[in-house]
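Novice: My questions will all concern the structure given below.
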Amino acid sequence: MVAFQAPCKFMLQYLKDFIDYLSAPTISFTLLTVMFPFVFPPTDWFQKMHKKLGFHHMWTNKGGIAGILLITAFFVMGFLDKNFNIILTKPDNFPIILMTYTMFFFIWLGMKKAYVNDERLDQGKKPDEYHDPEDKVLVWPDLVYIELIALILFTVFLIVWSILVAAPLEEPANPAATPNPSKAPWYFLGLQEMLVYFDPWIAGILFPLFIIIGTSAIPYMDINPKGDGYYSFKERRVGIFIFMYGWIVLWVFLIVIGTFFRGPNWNFFGPFEFWDPHKIEALNNVNLSEYFWVIGLNKPLPTNPLVRESIGILATAFYVFLLPPLLAKTWLKDMFKAYGPVRYSFLMLFGLLMLSLPIKMYLRWIINLKYIVSIPEWFFNI
Amino acid sequence: MSKKENKKQSLLDWLGNSQLWKSIIRSGVPRTRRQRMYAILGNVFLHLHPARLPRHAVKLGYTWCMGGLSFFLFVVLTITGILLMFYYRPTVEYAFTDIIDLGEQVPLGIMREIHRWGAHAMVLTVWLHMLRVFMTGSYKPPREFNWTVGVILMTLTMFLSFTGYLLPWDQLAIWAVTVGSNMARAHPFIGSEGPGASLLAIGDINLVHAGSDVRFGLLGGRFVGEATLLRFYVLHCIAVPFIAMIFMAVHFWRIRKDGGISGPM
């Protein structure tokens, strides 16, 4: 028995170390991003690979059960681990555990139904939701009773939850004692995570504003008339791919990172790692202007901020103003034609802003870039 | 009606045909098709629904019930919120101790729990409702504008949750709100540390500074304090729910006006 326990413990530790390693944003974000088009294939080629690699099994009953088991295994392992247990059992983190399950379950459910419908449409049948329009049901009793039952069940769930888990309450407010880390409410942790890569005026103001405007604008940007009123994937694969990337990777996943993997000083900690407040991460980030003038040309930085930051300003201007018309003339010619100039411009604005987050992340990770444009005199850092 | 038929009537039918019942619920006991449709049409609350629906609209697999649950949670939060307001005083002196009393002194001491967990659950149900509407393509014409109203409601839901976060006045509360509201400082032009703020000056005098910027307006001071607590209390209990209710009315009304629940043609 003893002889058996030791290698087991060693294996478990090895697995934990491996998960810690995988969880680092550099690794996990890259893995998610690279895998994403294979899971939600936006083109024919990806569709083929999606089938070949077997990702379509994710959206079957077996895939759903496997996913739930995997999440549960991760949480059970975390519950038994002395470091992860502290974070996992914080009452305020309970909603995130609920979020992980419900998000997975409902994305799975939606995709499963979409695949069933895709197959039906391929066979020339109507979607699963279709019924004879003349054959209607009466709201009383067919709907009001369902609503009543749903309401009672949810009330029971809420009361049981409230009896079992006390609402979080920490020590009385003390403006003199800043907790480390100080975290925003969980649903804003994605934005707080973006603060690592962008200044507050972008991560805290511009991004939220454009998330709201961009999300509101989805019906006006998506001109594909198909897939209205039933679950489907094939008919709307590009739209679903973009939405899901923003939703799963740039929102939900960043919340998970912000909750579970960010410890004191907002440093990264693997889930099974001890939150050591003295962990030191070297901050050797360099501005683009320093790269250009000091390292590239071997000159001192110019004193005029506009001259100093000219390269960054030009790069940003190119990205925002020149790239869309350039793409309209070349790679996205057909799209420009279909969308018209106004709709196309807005779509590009939203798309480029969304893409700027991963772009800045990789610039930070690969070349330690701090700011593309850095004019602290005017609080204008990009 | 003959006497024989009268004898067969159950107590419910007798009640349903009484003057009192009929004056309140005109359809009587909804047994016939006509009465059942009238039960929906004649009731201000149930009239949110049409009287008849396509068959897929009552399937949980299609709707996930998330929109309905979000509204239900809003009602639960309103009711528990009113009860909490009887006991809670939004001052630095009493807020925290009132919260403790809510659990220890007040009968049915889980009101705060239901309110807090219900609020978290509502953020989730609203998100899941959005996911469902997206996955079924239900935002497509003619329902574009109602999606936009929905996004506004989602934003208001999160803002409601955020303003409520401060009220317990514990460490979690003030620091989460401090982190959140520090963002306002960086607002372009109207935040004291935002780009362009320094341009708004008359001579040497800055118009936008820590004592006049948008963060100051939100907090009612330079840091999260007594004025912030009152401000967030009013926002949380009255201002934001009021705005949310207006948008909810539009949201529900538009569902009907845009052709009812989405579905395949």
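Novice: If you check B:LEU53 against the conditions, is it modelled with pLDDT of 90 or more, within 24 Å of B:ALA121 (Cα to Cα) and not charged (D, E, K, R)?
Specialist: In short, no.
Novice: Of everything in the stretch A:175-190, what is free of Cβ contacts under 8 Å to residues at least 24 places away in the same chain, among the polar types (S, T, N, Q) and more than 9 Å from every other protein chain (Cβ to nearest Cβ)? Give them in sequence order.
Specialist: Correct list: empty.
Novice: Every residue in the stretch B:180-200 that is assigned to a loop (DSSP other than H, G, I, E, B), more than 7 Å from chain A (Cβ to nearest Cβ) and open to solvent by 30 Å² or more (accessible area, probe 1.4 Å), please.
Specialist: Result: B:PHE189, B:ILE190, B:LEU200.
Novice: Could you grab the pairs with beta carbons closer than 6 Å, sequence gap of 6+ or different chains, first residue in the stretch B:225-253 and in contact (Cβ under 8 Å) with a residue 40 or more places away in the chain, second one open to solvent by 70 Å² or more (accessible area, probe 1.4 Å)?
Specialist: B:PHE252/B:LEU48
Novice: In the set A:GLY63, A:GLY78, which member is at pLDDT below 95, open to solvent by less than 30 Å² (accessible area, probe 1.4 Å), in a helix (DSSP H, G or I) and not charged (D, E, K, R)?
Specialist: A:GLY78
Novice: Looking only at the stretch A:309-328, how many residues end up being in contact (Cβ under 8 Å) with a residue 24 or more places away in the chain and out of contact with any strand residue (DSSP E or B) (no Cβ under 8 Å at 6 or more places or on another chain)?
Specialist: Total meeting the criteria: 7.
Each row is one residue, and each column tells you yes or no for (1) at pLDDT below 95; (2) touching a strand residue (DSSP E or B) at 6+ places or on another chain (Cβ under 9 Å); (3) open to solvent by 70 Å² or more (accessible area, probe 1.4 Å); (4) not β-branched (Val, Ile, Thr).
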| site | (1), (2), (3), (4) |
| --- | --- |
| A:PRO300 | yes, no, yes, yes |
| A:PRO305 | yes, yes, no, yes |
| A:ASN368 | yes, yes, no, yes |
| A:TYR371 | yes, yes, no, yes |
| A:ILE375 | yes, yes, no, no |
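Novice: Could I ask something else about it? From the list B:ALA227, B:ALA249, B:ALA239, which one is assigned to a helix (DSSP H, G or I), touching a Gly at 6+ places or on another chain (Cβ under 9 Å) and surrounded by fewer than 18 Cβ atoms within 10 Å (Cβ to Cβ)?
Specialist: B:ALA227
Novice: In the stretch B:103-132, which residues are more than 8 Å from chain A (Cβ to nearest Cβ), open to solvent by 30 Å² or more (accessible area, probe 1.4 Å) and more than 23 Å from the chain's Cα centre (by Cα)?
Specialist: B:GLU104, B:GLN105, B:PRO107, B:LEU108
Novice: Among residues belonging to the stretch B:133-146 that are part of a helix (DSSP H, G or I) and open to solvent by 20 Å² or more (accessible area, probe 1.4 Å), point out the one that is farthest from the other protein chains (Cβ to nearest Cβ).
Specialist: Selected residue: B:VAL133.
Novice: Another one. When the residues of the stretch A:40-60 are filtered to those that are in a loop (DSSP other than H, G, I, E, B) and under 22 Å from the mean Cα position of the chain (by Cα), which remaining residue is nearest to A:PRO271 (Cα to Cα)?
Specialist: Selected residue: A:PHE40.
Novice: Here's something else I'd like to know. Would you be able to say whether some residue in the stretch A:340-350 is assigned to a helix (DSSP H, G or I), without any contact (Cβ under 8 Å) to a residue 60 or more places away in the chain, under 21 Å from A:ILE223 (Cβ atoms) and more than 29 Å from the chain's Cα centre (by Cα)?
Specialist: Within the stretch A:340-350 (the criterion being assigned to a helix (DSSP H, G or I), without any contact (Cβ under 8 Å) to a residue 60 or more places away in the chain, under 21 Å from A:ILE223 (Cβ atoms) and more than 29 Å from the chain's Cα centre (by Cα)), the answer is yes, since at least one residue qualifies.
Novice: Could you say whether any residue in the stretch A:98-108 is in contact with a Pro (Cβ under 7 Å, 6 or more places away or on another chain), aromatic (Phe, Trp, Tyr), modelled with pLDDT of 95 or more and open to solvent by 30 Å² or more (accessible area, probe 1.4 Å)?
Specialist: no
Novice: From A:GLY246, A:GLY296, grab the single residue that is farther than 17 Å from A:GLN192 by Cβ and touching a residue at least 24 places away in the same chain (Cβ under 8 Å).
Specialist: Among A:GLY246, A:GLY296, only A:GLY246 is farther than 17 Å from A:GLN192 by Cβ and touching a residue at least 24 places away in the same chain (Cβ under 8 Å).
Novice: Here's another thing I want to ask about it. What are the residues in the stretch A:128-140 that are facing chain B (nearest Cβ under 7 Å) and without any contact (Cβ under 8 Å) to a residue 40 or more places away in the chain, if any?
Specialist: A:HIS131, A:PRO133, A:ASP135, A:LYS136, A:VAL137, A:LEU138, A:VAL139, A:TRP140
Residues checked against (1) surrounded by fewer than 15 Cβ atoms within 10 Å (Cβ to Cβ); (2) out of contact with any strand residue (DSSP E or B) (no Cβ under 6 Å at 6 or more places or on another chain); (3) on the phi > 0 side of the Ramachandran plot; (4) of a type in the set (A, V, I, L, M):
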| site | (1), (2), (3), (4) |
| --- | --- |
| B:ARG34 | yes, yes, no, no |
| B:PRO50 | no, yes, no, no |
| B:LEU69 | no, yes, no, yes |
| B:VAL76 | no, yes, no, yes |
| B:THR80 | no, yes, no, no |
| B:PHE86 | yes, yes, no, no |
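Novice: A follow-up question, please. Go through the stretch B:28-37 residue by residue and tally those that are more than 8 Å from every other protein chain (Cβ to nearest Cβ) and in a helix (DSSP H, G or I).
Specialist: Number of matching residues: 2.
Novice: So in the stretch A:144-158, with the set limited to residues that are of a type outside the set (D, E, K, R) and at the interface with chain B (Cβ under 7 Å from one of its Cβ atoms), which one is surrounded by the most Cβ atoms within 10 Å (Cβ to Cβ)?
Specialist: Selected residue: A:LEU158.
Novice: Another one. Across the stretch A:194-210, which residue is farthest from B:SER262 (Cα to Cα) among those that are touching a residue at least 24 places away in the same chain (Cβ under 8 Å) and either assigned to a helix (DSSP H, G or I) or facing another protein chain (nearest Cβ under 8 Å) (or both)?
Specialist: Ranking the qualifying residues of the stretch A:194-210, first place goes to A:ASP199.
Novice: For the stretch A:225-240, which residues satisfy the criterion of being more than 8 Å from chain B (Cβ to nearest Cβ) and either in contact with a helix residue (DSSP H, G or I) (Cβ under 9 Å, 6 or more places away or on another chain) or surrounded by 17 or more Cβ atoms within 10 Å (Cβ to Cβ) (or both)?
Specialist: A:PHE233, A:LYS234, A:GLU235, A:ARG237, A:GLY239
Novice: Further question on the same structure: Quick one: in the stretch B:38-64, of everything that is part of a loop (DSSP other than H, G, I, E, B) and at the interface with chain A (Cβ under 7 Å from one of its Cβ atoms), which residue is farthest from B:TRP253 (Cα to Cα)?
Specialist: Checking each candidate, the answer is B:TRP64.
Novice: Sticking with this structure for a sec: With respect to the numbered conditions (1) assigned to a helix (DSSP H, G or I); (2) more than 7 Å from chain A (Cβ to nearest Cβ); (3) over 16 Å from the mean Cα position of the chain (by Cα), which one is the sole condition not fulfilled by B:ILE174?
Specialist: (2)
Novice: Name the residues in the stretch B:147-171 that are within 7 Å of chain A (Cβ to nearest Cβ) and not in a helix (DSSP H, G or I), would you?
Specialist: Within the stretch B:147-171, B:PRO168, B:TRP169, B:ASP170 qualify.
Novice: Something else about it: Taking B:PHE232 and the conditions (1) within 30 Å of B:GLY67 (Cβ to Cβ); (2) modelled with pLDDT under 95, which numbered condition does it fall short on, given that it satisfies the others?
Specialist: Going through (1) within 30 Å of B:GLY67 (Cβ to Cβ); (2) modelled with pLDDT under 95 one by one, B:PHE232 breaks only (2).
Novice: Considering every residue within the stretch B:7-21, establish whether at least one is modelled with pLDDT of 85 or more, within 33 Å of the chain's Cα centre (by Cα) and surrounded by 13 or more Cβ atoms within 10 Å (Cβ to Cβ).
Specialist: Checked the stretch B:7-21: at least one residue is modelled with pLDDT of 85 or more, within 33 Å of the chain's Cα centre (by Cα) and surrounded by 13 or more Cβ atoms within 10 Å (Cβ to Cβ).
The values are calculated or read from the model by the stated rules, or taken from the named source; none is laboratory data. Since we're looking at a predicted model, the values are computed, not measured. Cβ: placed from backbone, ideal geometry, glycine included. Neighbour counts: every protein chain shown. What goes into the accessible areas is simple: the full protein's heavy atoms, side chains included, and nothing from ligands, DNA or RNA. Shrake-Rupley method; radii C 1.70, N 1.55, O 1.52, S 1.80 Å.
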